[in-house]
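Okay, structure first, notes after.
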Amino acid sequence: MTTETQLKSEHSVEELERVTIRFAGDSGDGMQLTGTQFTRTAAVFGNDLATLPDFPAEIRAPAGSLPGVSGFQISFASTEIYTPGDRPDVLVAMNPAALKTNLGDLKPGGLLIVDKDEFEPTNLKKAAYDTNPLEDGSLAGYQVVPISITRQNELALEGLPLSAKDKFRCRNFYALGLILWLYGRTLDTTIKWATEQFKRRPDILEANLRALRAGYNFGETTELFRVQYRVPPAKVPPGTYRHISGNEATALGFVAASVLSGLPLFYGSYPITPASDILHELSKLKNFGIKTFQAEDEIAAIGAAIGAAYGGHLGLTGTSGPGLALKSEALNLAVMTELPIVVIDVQRAGPSTGMPTKTEQADLLQAMFGRNGDSYVAIVAPCTPSDCFIMAIEAFRIALKHMVPVVFLSDGYLGNGSEPWRIPDISELPRIEWKYADPQEGKFNPYLRDPKTLARPWAVPGQKGLEHRIGGLEKSGETGDISYDPRNHHEMTLARKAKVDRIVDDIPPLEVIGPEEGDLLVLGWGGTYGSITSACENARKRGLSVASAHLRYLNPFPANLGDVLKRYRKVLIPELNTGQLALLIRGRFLVDAIGFNKISGQPFKIAEIEGKIDEVLGLRDEYVLEFTRSAGVSGG
Amino acid sequence: MTAPTVPNDGLISADLPVLTRKDFVTDQEVRWCPGCGDYSILAQMQKMLPELGIARENIVFISGIGCSSRFPYYVNTYGFHSIHGRAPTIATGLKTARPELTVFVITGDGDGLSIGGNHLLHAMRRNVDLNIILFNNRIYGLTKGQYSPTSEFGKITKSSPYGTTERPLNPIRIALAAGATFVARSVDRDTKHLEEMLYRAAKHRGVSFVEVYQNCNIFNDGAFAAFAEKEVRAERMVYLEHGKPLRFGKNNEHGIRLNGFTPEVVENAESDEGLLVHDAHAENITLANILVGMDYPEFPVPVGVFRDVDAPTFDQLVQQQVDEAIAKGRGSLEEVLRSGETWVVE
C-alpha cells in the first residue's frame, strides 16, 4: 500500500511549521466528515491543532446553492497553537458555490484545489457565476489545481454495485486521500475508522476505501503537485490525548462534577442551537445516574433543574442566549431561594433569533444583570474547548459550596470548535465540597448563613425535622419567613450580593502571559483566548511590551484583577460584542480601557488583534476591520 | 471513579409515623381573606394527610403565584412557593430526581391555566406522579379582581367593565385532553367529598388532577352558589361513582341517560335501567368528555372522579432507564474520558 512509500516518491518534501486547510463543499458533500478524518490523522500524528466547523443554517439547503455550503477548517502545527488559523493556506472547493463563498478567506497565493467537473453551467449558475472562474483568469492570484475529482472517483468505483448517487457521495474520500498524500500522512487512521463505521455495509466500505486510495495515488502519480509538505509533530506534554469539542467537554465536565461530588446530575434542557449537543451527550450517559429532561420550554427546563437542586441533586440547565432570556425569572427564583443550580449559555450571535449558527459573546451583561431587582449570580467562562471541562466542574464547585446559582458562559465557537486534549488524571481535578443541613432539634432556620461563605443550609426533602418553606418572596434573615420589613430587605439584598462577592476567596488569581508590567495589557474572556494569546505572542516576538490575561471568572472577578490592570500603561479589551466586559472594567476599576469590538458572528482573527495592538501602541493609523464576504469559517 | 449512587436512600425514614391533623399545621398565620374557600381546602388537606401514612419530611407542596399558592406556607411539610405558573416544572424536576417523594402542586385558574398552561399540559401528558390541585374561583384574586381563563363569557370585572369577550376554558376537559390518568372535581364547601377526592388523588399513582370549585368571597362571591350550596347541592350536582348509574335529587330520584352522544335528564327515574353508568376506568375519554360538558342549569354539575386509569409514570420510566443502564455497568469517569480515539504522547 502506498501509505508506507510516501516519502520515496519523486516529489520534493518541504517542511512547514503550520498549515491551515479549509474543506468546503455542498452540505451533502460530507465536508465535516472529511475535515474530521483529516483532524484525527493529524492528531494521532502528534500535531497540535485546532478546528472549526461551519454549517449552513439550513438543514438541507438546495444542492449546489450558496446557502448550502458547508465548511470545516483545521489548523495543524509543529508548535503550540491556539486557534484554527486566520486564513487558510489551502482551500479545497468541491463546487462553484463553495469556491465563491470561501475564496475571500484564502491567503493570496494560496493553494486552491477544485473539483473541475462540478464547474459546469448549472452549478455555475447556482453559484451566480457569469463566467467559469477556472477559465476567466479571476483566480490568477492563487495556485489553482483543478482536478477531475467527480470523474476520477467514478472510474475508481467502476463495477461496484452502488447507485451513481452513492458513488458520487464518495468524492469526499477521494479529496481526503489527496490531501492526506499532500501532507505526507498515512491512510491508516481513516481506514481504521471506516472499517469500524461501515462494518455492516461492506459495499460502502469498499467504495470509500477505493475512493480514498484513488485520491492518494493520484497525488503520488500526478505531476500537478511538485512538492509534498511535512508538518512535524508538536512538542506537547506527555500523556494520553483525545480530540474534544467544547460541547463534549462541557457535558463531560458536568459528568465529572457529578462523580466528584457524589451527587446525581439532573439536566433539564430545551433543544436550541448551539447547545443541543450537550443534551445529546448527557442523555447517553444514564449509567452515571444522570437524568436528562427534554422540557416543554426553556422555563420548564430551568424550573425542573431548580426542583432537582431543591431535592439535593445537581440541578443543571443549558441553553443559548434567547433561552437565557426566557429563564431569567426562574433564575431569579434560584437567586432568592439560594439553590445551587448551574445554567449553561452557549452564546450565539445577535439579539432575538439572531444568527443561531454563528458565534458571539454578547450575553455577559445579560448573565450579569438581566433580571429584575438587585440580583447576583456567579459567572464563569471557559476559554478553550477543553477548558469547558474544567470550568464545568468549577461551576458546581462554586454553586454547591456557596449555595448560589452559577452561569456558565460558553459560545458557539468554543462549543463546536475542537482541539486535542490531554486527558486529566482524576486526582488532578478540583474537589467539590458540599453538605446537606445538619439534623437538629427545634425550629429549623433555613436562612441561617455560614459565617464565612454566607451560604445558607441545604436542607432537602426527606430530611426529618428540617421541614421548611421557601419561595420567591423576600425572607426574613435566619427564619426564612416571609418578610416585608424594610431593614430586612436591605440586609438580605446586601447579604445575597456579599455571598457572591466572597467567592473571590475561592477562585484562582488572574494569570498574566508576558511581561508583569509594561505598555499594554490585552484583557479578554471566553472564546477569544486563542486569538488574543497568539496576537500577543506575535507582538512580543516583534519586541513590543504587550501582555495578555484572560478572565475565566467573571463574577466575582479574581482578587488581583485591579492590581494587574494598574501595571500597564494601556488596557485593550477585544470582545465579540459592543464592549460588555469593557463597561464592567471601566465601571469597577475606573480604568480607561480601550474596546476592540467585532460583531460579525465570526471569531477574531489573530491579525485583527495584532492590527489593533499596533494602533493602540501608536505604530500605525487606525485599524479598521475588514469583513470578507465569506460565509465560511474565519479562524481566530 | 464511578458514578454516584443516589445519596437520598438513607434520608427516607422507614418507620411510618402516626400523625394527626395538628402535625401538618405550621406556625404561620393564615392570611387569606376571612370567608375564603381556601380555608376549607387547607383544612381538608390537613385532615387527609395523616391518612396517607407518609412521613411529613417525605411530602412536598409546590405552588406558583396567586392566593391559592400561599398554601405551602401553611402545611408543615417541605414547601416551595415558586413563581407564576411554573410550579409543575419544579415539581417535575423534583419528582424525577427523587421519585420516592410525595409531591403536591397547588395552583389556581390563572396560575395553572393562563400563565402556566403549557406546563400543566405537559406535566399531565407525561404522567408525572404529581398531585395537582387546581383552585378554580374563576377570577384573579391576588391582583384584585380581573377576569381569568375560566371566567364566564361576558363577565364584568375590573378589567372587563363591558363584559369579557373571551370564552372560558374547562379545566377538566384540558386534563382529559392532555391524557391525565386521574381527573376529579370537587367543591370547597362539600368538605367530606373534597377530602375524599384529595385522598384518592394522593393515592393514585401517576398524575392526579383535581379541580376544586373555590369561592372567592371578595371578587367573585357566590360563583358556584347556585349549585354548590348545601341546600341545593343534591338537586343540582351529580356525584360520579364508578360502576354506578348517574343519579341525583334529594332522594336520588332523578337520573341521566344518553341519547346518542347527548346526555339527558330523566326526572323521577324509577328504575336504573337505561341510566348512564359511570366508568372511571375507561381508557377511552369519550364518556368523561360527555360528562364534563354537563353544566348548570341545564344539568346537574358532575363532581367526583371523571377518570382513574393506570399507566406507567414518567418518573418511574426515567428511573427505570437509569437503573437498567447502571445494571449493565456503572459509568466510570476514567473510561468515559478515554472514550473514542486516543493517542499517547511519550
> Any idea which residue in the range A:337-351 is surrounded by the fewest Cβ atoms within 10 Å (Cβ to Cβ), counting only those that are of a type in the set (A, V, I, L, M, F, W, C) and more than 11 Å from chain B (Cβ to nearest Cβ)?
Replying inline: A:ALA349
> Do any residues in the range B:325-341 that are more than 7 Å from chain A (Cβ to nearest Cβ) have Cβ atoms under 9 Å from those of residues that are of a type in the set (Val, Ile, Thr) and not in a loop (DSSP other than H, G, I, E, B), where the two are at least six apart or on different chains, and which pairs are they?
Replying inline: B:SER332/A:VAL259; B:SER332/B:THR2
> Right, A:GLU474: more than 40 Å from the chain's Cα centre (by Cα) and within 14 Å of another protein chain (Cβ to nearest Cβ) or not?
Replying inline: no
> Does A:ALA308 fit the bill of being in contact with a Phe, Trp or Tyr (Cβ under 7 Å, 6 or more places away or on another chain), within 26 Å of A:VAL500 (Cα to Cα) and within 11 Å of another protein chain (Cβ to nearest Cβ)?
Replying inline: yes
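Okay, residues lined up against (1) more than 14 Å from every other protein chain (Cβ to nearest Cβ); (2) loosely packed, with under 14 Cβ neighbours inside 10 Å; (3) within 39 Å of the chain's Cα centre (by Cα); (4) among the charged types (D, E, K, R):
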site	(1), (2), (3), (4)
A:GLY442	no, yes, no, no
A:ALA455	yes, no, yes, no
A:TRP458	no, no, yes, no
A:GLY465	no, no, no, no
A:ARG487	yes, yes, no, yes
A:THR493	yes, no, yes, no
A:ILE503	yes, no, yes, no
A:ILE507	yes, no, yes, no
A:GLU511	yes, yes, yes, yes
> Which residues, taken from the range B:287-346, are assigned to a loop (DSSP other than H, G, I, E, B), modelled with pLDDT of 95 or more and of a type in the set (Gly, Ala, Ser)?
Replying inline: B:GLY293, B:ALA311, B:GLY329, B:GLY331
>> What's the total number of residues in the range B:102-126 that are buried (at least 24 other Cβ atoms within 10 Å of the Cβ) and not in a helix (DSSP H, G or I)?
In response: 7
> For the range A:369-391, does any single residue satisfy the condition of being of a type outside the set (D, E, K, R), under 22 Å from A:ASN555 (Cβ atoms) and without any contact (Cβ under 8 Å) to a residue 12 or more places away in the chain?
Replying inline: yes
>> For the range B:43-101: of the residues being of a type in the set (Lys, Arg) and facing chain A (nearest Cβ under 7 Å), which is farthest from B:ARG205 (Cα to Cα)?
In response: B:ARG86
> How many residues, within the range B:22-54, are in a helix (DSSP H, G or I) and either at pLDDT below 95 or of a type in the set (Asp, Glu) (or both)?
Replying inline: 3
> Can B:ALA175 be described as assigned to a helix (DSSP H, G or I) and under 10 Å from the mean Cα position of the chain (by Cα)?
Replying inline: yes
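Every residue, every condition in (1) under 19 Å from B:ASP221 (Cβ atoms); (2) of a type outside the set (Phe, Trp, Tyr), yes or no:
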| residue | (1), (2) |
| --- | --- |
| B:LYS144 | yes, yes |
| B:LYS158 | yes, yes |
| B:TYR162 | no, no |
| B:GLY179 | no, yes |
| B:LEU198 | no, yes |
> Looking at (1) surrounded by fewer than 19 Cβ atoms within 10 Å (Cβ to Cβ); (2) in a helix (DSSP H, G or I); (3) modelled with pLDDT under 95, which is the one condition that is false for A:THR189?
Replying inline: (1)
> Quick one: how many residues across the range A:256-305 are more than 7 Å from chain B (Cβ to nearest Cβ), more than 18 Å from A:ILE393 (Cβ to Cβ) and outside any loop (DSSP other than H, G, I, E, B)?
Replying inline: 12
> Among the listed residues A:ALA334, A:ALA367, which satisfies the condition of being within 14 Å of chain B (Cβ to nearest Cβ), buried (at least 22 other Cβ atoms within 10 Å of the Cβ), more than 22 Å from A:GLU248 (Cβ to Cβ) and of a type in the set (A, V, I, L, M)?
Replying inline: A:ALA334
> Any idea which of A:PRO84, A:PRO96 is assigned by TED's automatic domain parsing to the domain that holds A:PHE23 and over 25 Å from A:GLU610 (Cβ atoms)?
Replying inline: A:PRO96
>> Regarding the range A:354-362, can at least one residue be identified that is hydrophobic (A, V, I, L, M, F, W, C), surrounded by fewer than 24 Cβ atoms within 10 Å (Cβ to Cβ) and away from chain B (no Cβ under 14 Å)?
In response: yes
> What single numbered condition from (1) outside any loop (DSSP other than H, G, I, E, B); (2) under 25 Å from A:ALA330 (Cα atoms); (3) touching a residue at least 40 places away in the same chain (Cβ under 8 Å) fails to hold for A:TRP421?
Replying inline: (2)
> Any chance the range A:225-240 includes a residue that's in a strand (DSSP E or B), surrounded by fewer than 23 Cβ atoms within 10 Å (Cβ to Cβ) and facing another protein chain (nearest Cβ under 10 Å)?
Replying inline: yes
> If you check A:LEU91, A:LEU124, which single one turns out to be touching a Pro at 6+ places or on another chain (Cβ under 7 Å) and either under 15 Å from A:THR20 (Cα atoms) or among the hydrophobic types (A, V, I, L, M, F, W, C) (or both)?
Replying inline: A:LEU124
> When the range A:423-434 is examined, which residues are found to be within 11 Å of chain B (Cβ to nearest Cβ) and of a type outside the set (Val, Ile, Thr)?
Replying inline: A:PRO424, A:ASP425, A:SER427, A:LEU429, A:TRP434
>> Tally up the residues in the range B:133-154 that are without any contact (Cβ under 8 Å) to a residue 60 or more places away in the chain, surrounded by fewer than 18 Cβ atoms within 10 Å (Cβ to Cβ) and either in contact with a Phe, Trp or Tyr (Cβ under 6 Å, 6 or more places away or on another chain) or under 15 Å from B:SER69 (Cα atoms) (or both), please.
In response: 2
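The values are calculated or read from the model by the stated rules, or taken from the named source; none is laboratory data. Remember, predicted model here, so these are calculated numbers, not experimental data. So basically every Cβ, Gly included, is an ideal-geometry build from the backbone, and we count neighbours across all protein chains shown.
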